[in-house]
Amino acid sequence: MSPSAVVWDSALLAYDMGEGHPFNPVRLHLTMRLATALGVLDDVPLLCPETAGAGDLYRVHSADYLEAVRQAPMAGWDVGHGLGTDDNPIFADMHDAASLVVGSTLLGARCIAEGRAQRAVNIAGGHHHAMRDRAAGFCVYNDCAVAISWLLDQGYDRIAYVDTDVHHGDGVQSAFFGDPRVLTVSLHQHPFTLFPGTGYSAEVGVDGAEGSAVNVPLPPATKDAGWLRAFHAVVPSLVEEFRPQILVTQCGVDSHEEDPLADLSLTVDGHRAIYRELRALADRVTEGRWLAVGGGGYQLLRVVPRSWTHLIATVLDHDVDPDTPLPAEWTDMVHDVAPSAELPLTMSDGGDTGYSPWGDGMDDAVDIAVRDTRRAVFPLHGLDPDDPRD
Ligand SMILES: [Zn+2]
């Protein structure tokens, strides 16, 4: 048994919102080419997904919405359901393309549930903004929520979802806001300053599920050290206390300092450090069971391919040294399509991923977010919000 599964098929590139839209599938293509050129995928079979059926989409979406998505390419201008907007333009075969994204994350979940793999990665997934009844934030169907719902039916009754995208994981939180079996944790840029405008620390869950939603709203310009400090101050304690059987992570890379749509200031090195933390967390808490999906990321040439190559490599235990030069065959290929692109030289931005643990008496803007989040949710888990040992 391979301990890790990589889900990929070039058919996933059909999720294409059109010329000029930031959610450009070239980022997936360039990632797979870079991972291949670096040898990360040597001897790794790629698992080809199938389209998710309506039965699985109905887990988290309404029948009305599915019908609207199906009909959208043939319908008039007023489709509703968040479709046909600048963020979520209608494109040909959008139902099939979005269903394939869901099928690809489901395949990763299935590999783990059936014991065929301990970990699985699907960089095409992570459409975390899609809501029950509407498209949002470039997302049509919520693959993360469908996969979590499916895992619940397989007998997993404690699932931890950790979302490291720069935007709040609102669709996934919304799907399980009243379900104590799913712990959703999102670290993101503060909702005052960024779409979707939710993800405050006071959002903790409802109806007996209080404490099952966790939000860490980080100030703009937060760097690797601040992000990692906040992560360590909040996530390991809660996840360890929750004792999930599986870890699902949305690994959007729009938290990078060069991302054109947001204002956090992480580096590719910070992303690599995050993936290693998530892997260690799964090894410690879920016997290694870890389903990782992609998400946002709009610096298409310089950032996403390197960050997600590190993600795939981390899942496969084929970690890539940050100082590794970018292979000429990859940079040549990028220059063929983007002759003026200034590409980095290595798999690193030279970022400093050292950080000091929370609880050292500092009280900067990151620490205020940490404190608010800990005070909102730690007591609901029997943890002391003011004791750094918890
Ligand atoms: Zn995002």
Just checking, which of L228, L261 is surrounded by fewer than 20 Cβ atoms within 10 Å (Cβ to Cβ), of a type in the set (A, V, I, L, M) and either farther than 21 Å from I159 by Cα or within 15 Å of the ligand (Cβ to nearest atom) (or both)?
L261
Being free of Cβ contacts under 8 Å to residues at least 40 places away in the same chain and open to solvent by less than 30 Å² (accessible area, probe 1.4 Å): is that true of A72 here?
yes
The conditions are (1) touching a Leu at 6+ places or on another chain (Cβ under 6 Å); (2) open to solvent by 20 Å² or more (accessible area, probe 1.4 Å); (3) among the polar types (S, T, N, Q), and T249 fails exactly one of them. Which is it?
(2)
Could you go through segment 81-88 and let me know if any residue there is of a type in the set (V, I, T) and buried (at least 18 other Cβ atoms within 10 Å of the Cβ).
no
Among the candidates R110, R116, R132, which residue alone is at negative phi, in contact with a Phe, Trp or Tyr (Cβ under 9 Å, 6 or more places away or on another chain) and either modelled with pLDDT under 95 or surrounded by fewer than 17 Cβ atoms within 10 Å (Cβ to Cβ) (or both)?
R132
Could you grab the pairs with beta carbons closer than 6 Å, sequence gap of 6+ or different chains, first residue in segment 295-308 and in contact (Cβ under 8 Å) with a residue 40 or more places away in the chain and under 22 Å from C144 (Cβ atoms), second one within 13 Å of the ligand (Cβ to nearest atom) and among the polar types (S, T, N, Q)?
G295/Q250
Sole exception among (1) more than 26 Å from V337 (Cα to Cα); (2) within 21 Å of the chain's Cα centre (by Cα); (3) among the charged types (D, E, K, R) for R27, by number:
(1)
Within segment 182-215, can you find the residues that are crowded, with 24+ Cβ neighbours inside 10 Å and away from the ligand (no atom under 14 Å from the Cβ)?
V182, L183, T184, V185, S212, A213, V214, N215
Given A376, A369, A328, which one is without any contact (Cβ under 8 Å) to a residue 60 or more places away in the chain and open to solvent by less than 70 Å² (accessible area, probe 1.4 Å)?
A328
Can you find, within segment 5-38, the residue that is least open to solvent (accessible area, probe 1.4 Å) among those that are without any contact (Cβ under 8 Å) to a residue 12 or more places away in the chain and assigned to a loop (DSSP other than H, G, I, E, B)?
G20
Can you find a residue in segment 151-163 that is in contact (Cβ under 8 Å) with a residue 40 or more places away in the chain, open to solvent by less than 20 Å² (accessible area, probe 1.4 Å) and within 14 Å of the ligand (Cβ to nearest atom)?
yes
Listed by first then second residue, the pairs whose first member lies in segment 127-143 and is part of a loop (DSSP other than H, G, I, E, B) and within 11 Å of the ligand (Cβ to nearest atom), whose partner is open to solvent by less than 10 Å² (accessible area, probe 1.4 Å) and of a type in the set (D, E, K, R), with beta carbons under 7 Å and at least 6 positions apart or on separate chains, are H127/D143; H128/D163; H128/D165
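The values are calculated or read from the model by the stated rules, or taken from the named source; none is laboratory data. Predicted model, so just to flag it, every value in this text is computed and none were measured. With ideal geometry, Cβ positions are generated from the backbone for all residues, glycine too; neighbour counts draw on all protein chains shown. These area figures cover heavy atoms from the full protein model, side chains too; ligands, DNA and RNA do not enter into them. Shrake-Rupley method; radii C 1.70, N 1.55, O 1.52, S 1.80 Å.
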